[in-house]
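Worksheet: the structure to be examined is printed underneath.
The values are calculated or read from the model by the stated rules, or taken from the named source; none is laboratory data. Note that the structure is a prediction, hence the values are computed from the model and not measured. Note: areas computed on protein heavy atoms with side chains; ligands, DNA, RNA excluded. Shrake-Rupley method; radii C 1.70, N 1.55, O 1.52, S 1.80 Å.
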Amino acid sequence: MSVIYILLAISIVVAVCFFFAFVLAVKKGQYDDSYTPSVRMLFEDELVKEKSDKSILTKKD
C-alpha cells in the first residue's frame, strides 16, 4: 500500500514538472506562430520540388 503513495507522489512531481515546462514554453513564445502552420501543407511539395530542381541544375553546371 505504501508503494501506491510513493508512485502517486512521483507522478504528481513529474506532472508538475511538465506543466512548468509548458508554461515556460508559452511565455517564451514557442506557440506564437499562427500563420505558417496553416499554409505549410499547401506549399511544402512545391518547395521540395524547387530544391531538387536547383540541386539538379547545379550538378549539371
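What accessible area, in Å² to the nearest ten, does a 1.4 Å probe give for residue 7?
110 Å²
At a probe size of 1.4 Å, how large is the accessible area of residue 6, to the nearest 10 Å²?
Accessible area, nearest 10 Å²: 100 Å².
Please compute, over every Cα-Cα pair in the stretch 1-45, the percentage with a separation greater than 16 angstrom.
Here the long-distance tail beyond 16 Å is 62 percent of all Cα pairs in the stretch 1-45.
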